[in-house]
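Presented below is the structure to which this report refers.
Bear in mind these aren't lab numbers, they're just calculated from the coordinates by the rules spelled out. On a predicted model such as this, the values are computed, not experimentally measured, just so you know. As a convention, Cβ positions derive from the backbone with ideal geometry for all residues, glycine included, and neighbour counts pool all protein chains shown.
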Amino acid sequence: MYVAVKGGERAIDNAHRLLAEERRGDRAVPALSLTQIKEQMTLAVDRVMTEGSLYDRDLAALAIKQARGDLVEAIFLLRAYRTTLPRLAVSEPVDTARMTIRRRVSATFKDLPGGQVLGPTFDYTHRLMDFKLAAEADDDAEPCERGEPRQDETVPRVADLLGEEGLIEPEVPRDGDTAEPGDITREPLEFPADRSTRLQSLARGDEGYLLGLAYSTQRGYGRNHPFAGEIRMGDVAVEIVPEELGFAVEIGDITVTECQMINQFKGSKAAPPQFTRGYGLTFGQGERKAMAMALVDRSLRAEELGEDLTAPAQDAEFVLSHCDNVEASGFVQHLKLPHYVDFQGELVTVRALRREHERKEATDAAE
Amino acid sequence: MQPNDATQAQDTLDGYNFAYLDEQTKRMIRRATLKAVAIPGYQVPFAGREMPLPYGWGTGGIQVTAAVIGPDDTLKVIDQGADDTTNAVSIRRFFARTAGVATTERTTQASLIQTRHRIPEAPLTEDQILVYQVPIPEPLRWMEARESETRKMHALEEYGVMHVKLYEDIAHLGRIATSYDYPVRVNGRYVMAPSPIPKFDNPKMDMMPALQLFGAGREKRIYAVPPYTRVESLDFEDHPFEVQAWDEACALCGATDSYLDEVVIDDAGGRMFVCSDTDHCTQRTASREAAE
Amino acid sequence: MTAIPHASDLRPGFADPVLSGQAVYRAVLKGMSYPGRLQALPATVDAPPPLSPVAAGVLLALADLDAPVWLDPAGLATDDVAGWLRFHCGCPVVEDRATAAFAVLDATSAADLEGFALGTPEYPERSATLIIQVPRLAEGEGHTLTGPGIKGSTRLRAEGLPEGFWRALADNRLLFPQGLDVILAAPEGLACLPRTTIVSE
Ligand SMILES: [Zn+2]
């Protein structure tokens with residue numbers, strides 16, 4: 001006698017217990033502490049904060065631990081927690097010109113005010129396995145020379161330097177831009193989306209997805225002649241204006257990476273030839289993401305700048321509708337869920353179509 | 001054993017609001033549902049929140065249920081018609097923990113039914129609300145991927161492409177090949193995706209006494225079919241709409257009028273058919289046994 | 001309209017905002033789903049007059065920061081009412097009809113429905129919901145209603161509404177899918193007339 005499959009509840013409980021066990025791994029090995037993740041997996045923490053849209057190193061570290069190092073899963077955990085948080089205030093725009101710089105490179109000028117600051121980068125490492133790190137203790141790294149952090153000093157952005165000469169487009173609201181930035185966590189995305197909305201979507205968009213799209217623009221799918229005007233990473237102050245005070249107060253510092261791409265623009269009837277901008281910003285150190293974001297931001301401005309729309313990376317509805325890895329991961333993986341009912345419907349249809357096909361063949365053969 | 005009465009929830013989750021969502025989010029969703037009811041079949045955009053369950057796994061239905069549900073409700077959750085599929089269990093537990101509501105597997109005892117891919121076989125009443133989980137709310141999506149375009153098409157009532165698509169099937173295959181998520185027209189105006197229910201269930205939507213709410217979390221849309229509202233499956237005069245039918249009866253309860261799941265019983269092509277609606281099947285089996 | 005009364009002078013809102021808000025919403029949802037049917041309000045509130053307890057309950061359940069409220073200048077737009085709404089709902093109280101998500105009117109003013117947001121052809125939901133305070137509602141008599149949510153037809157008597165209101169409502173029906181949705185609030189409860197409802201004598 002056939003008995004329908006039952007016991008979903010017990011199966012789920014068991015799956016959760018197995019998951020917990022696998023996450024912990026061999027109990028003879030000490031458990032990973034959040035401090036260790038926070039201090040030694042910093043770039044993973046940075047990515048989870050950026051795409052999770054929440055600047056909290058402790059929670060990001062916890063999410064990474066809980067997700068067994070699956071960063072997309074960790075991003076999902078952080079997002080789901082974020083939505084339950086009260087919204088206490090809206091910050092003033094951060095001023096990256098007043099950043100306490102830890103890294104700053106420009107590909108457009110050999111030297112410039114504030115200088116080039118190489119900082120902590122993989123760029124010139126030879127990608128050779130460092131077997132010293134495999135040793136139990138790796139506490140004997142040579143102490144490095146750190147320059148005095150420049151406090152309260154303004155380091156002008158390259159784009160601002162070009163702006164003084166009128167060589168680059170001013171950053172002003174355009175047609176369709178709303179006075180206040182939108183908020184994609186509080187309003188559904190609508191198209192056409194203004195630039196603030198696009199930038200928010202890109203900022204929490206999947207790094208790998210943006211990287212691929214950005215790369216496609218460099219290979220001719222919507223080429224836009226980019227130069228890395230500047231990439232800077234460091235700490236910026238976050239300020240709010242409390243209703244009862246009426247002036248800005250600093251509530252803390254965050255680390256951000258900012259990329260300003262400079263792109264050629266031939267000019268139009270209305271506008272003289274000048275450079276245009278693409279912008280990228282991430283929490284923490286996220287250069288790959290910030291640069292990819294800046295390239296995609298610029299390519300999504302094609303329509304506004306009167307360029308031909310020919311490439312996927314120029315198609316705002318396509319790019320923005322698919323850049324969120326929490327949405328994409330959920331929907332791709334929902335195919336694991338039962339679809340017996342729909343599949344049964346398809347079976348009935350395909351069988352009927354096949355019967356019809358056979359009948360037709362038989363009649364044709366008989367004639 | 002089938003529980004005859006609703007199960008009271010235990011161990012509700014501390015530290016979270018009733019039914020998980022904060023009150024402002026609930027109000028936003030509630031306002032959207034009211035407009036959805038007032039514009040039958042029209043997809044109302046809403047600021048969908050990130051839920052602690054993955055997108056594509058019912059976050060739209062869960063948000064609608066969370067906004068609608070109250071302590072007096074009795075909740076039933078089904079996936080593919082069954083209460084015991086893992087995702088249905090997971091969602092039912094979520095509300096038992098966050099809202100402390102009673103849950104049931106009995107269609108007739110539920111005041112609120114969240115479903116994925118089926119409408120229960122038992123007729124629903126005015127005292128019930130059916131909440132559908134919707135993956136792709138836009139019925140025109142397969143003909144036009146762009147929301148900016150489909151929105152215009154709905155505004156202008158330009159549904160020619162849908163008929164062309166269905167007619168192409170007839171031209172190529174001699175019949176309409178859509179077997180689930182079969183498009184409907186609501187109250188003679190909006191073309192609507194009924195969610196991936198089999199077309200077998202489409203006629204149940206027409207003039208249903210219960211309110212039907214649809215939630216698409218990832219796509220951030222809510223829509224509704226009010227009670228006693230015309231829901232017509234699109235068709236052609238020479239090719240009228242028809243539903244699936246089986247030569248077999250349910251192997252467990254003998255039903256010949258329910259939607260059947262096909263079960264593979266051996267590796268020699270053996271098949272059997274059983275009701276997809278597990279409560280329907282259990283109730284029929286129980287009443288048959290009682291009669292014997 | 002700008003004076004903010006002292007919190008201690010204010011009448012209270014719902015005793016249990018979470019559960020009362022849910023229960024009132026369900027009454028409105030049922031009302032919109034079954035137009036013309038009288039729904040008793042499951043939670044009442046001692047609102048500052050002339051705002052009726054039923055209208056006030058609906059606003060407590062549904063208005064907030066993102067849903068501005070417009071008050072009928074003929075009587076309803078008092079400092080007491082506006083202050084109470086701002087305090088308990090946190091909603092903007094607006095003077096421009098076009099920006100209101102909810103508008104509260106006295107029955108006597110209900111002939112003039114011009115100027116409220118009707119939505120757009122592409123976004124018809126961006127329209128106002130009117131809450132009209134009437135002295136009495138009764139089922140089974142009065143106007144005949146048909147449309148979605150109504151099995152066959154039903155009847156509703158709403159007292160105190162001018163003839164112009166019913167004409168405006170007939171015009172509103174022709175705008176579909178755009179249009180206003182109406183909640184009639186009486187001492188005995190509420191009844192709804194969504195934009196789909198067809199009213200005849
Ligand atoms: Zn059966």
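Exposure proxy ranking for A:C259, A:C323, based on other Cβ atoms within 10 angstrom of each Cβ and starting from the fewest, stands as A:C323, A:C259.
Within the listed set A:A107, A:A237, A:A31, the Gaussian network model of chain A (springs between alpha-carbon atoms below 10 Å) gives the highest mean-square fluctuation for A:A31. By the equivalent-ellipsoid construction on the alpha carbon gyration tensor, region C:7-200 comes out with semi-axes of 25, 19, 16 Å, ordered largest to smallest. Sorted into 20 angstrom bins from 0, the C-alpha pair distances of the protein assembly as shown split as 13, 40, 35, 11, 1 percent.
Note the direction-averaged projected area, equal to a quarter of the hull surface, for the Cα convex hull of chain B, in nm².
17.4 nm²
Overall form of region A:288-367: oblate. Here a/c, set by the Cα gyration tensor axes a ≥ b ≥ c, is 1.5 or more, and a/b is not larger than b/c.
For n ≥ 4 DSSP H runs only, could you compute -39500 (n - 2.57) per run for chain C, divide by its residues and tell me the 222 nm figure to the nearest 500?
-8000 deg cm²/dmol
Computed over the alpha carbons of region C:65-140, Rg followed by Dmax gives 13.2, 39 Å.
Considering helices alone, the calculated mean residue ellipticity of chain A at 222 nm is -11500 deg cm²/dmol, with DSSP H runs of length four and up weighted by -39500 (n - 2.57) and normalised per residue.
Beta bridges per DSSP, both residues in chain B: antiparallel share near 60 percent.
From the P(r) of region B:245-292, could you give the percentage of C-alpha pairs in the tail past 11 Å? In whole percent, the long-distance tail amounts to 66. Put in line by how crowded their Cβ is, counting other Cβ atoms within 10 Å and starting with the fewest, A:T96, B:T108, A:T257 read B:T108, A:T96, A:T257. In region C:7-200, what percentage of the DSSP-assigned beta bridges are antiparallel, given to the nearest 5? Close to 50 percent. Springs join every pair of Cα atoms under 10 Å in this Gaussian network model of chain C, and among C:G57, C:G142, C:G115 the largest mean-square fluctuation is at C:G115. Taken over region C:153-194, the convex hull of the Cα atoms encloses 85 Å³ per residue.
Dividing the Cα radius of gyration of chain A by 2.2 N^0.38 Å, with N the residue count, gives 1.26. The Cα atoms of region A:70-131 give a gyration tensor whose axes a ≥ b ≥ c have a/c of 1.5 or more with a/b no greater than b/c, which makes the shape oblate.
Count the DSSP beta bridges whose two residues both fall in the protein assembly as shown, then state the antiparallel fraction as a percent rounded to the nearest 5. Present the calculation step by step, with values, prior to reporting the outcome.
Values: 67 of 99 bridges.
Percent antiparallel among DSSP bridges in the protein assembly as shown is about 70.
Between A:A179, A:A214, A:A270, the Gaussian network model of chain A with springs among Cα atoms under 10 angstrom shows the greatest mean-square fluctuation at A:A270.
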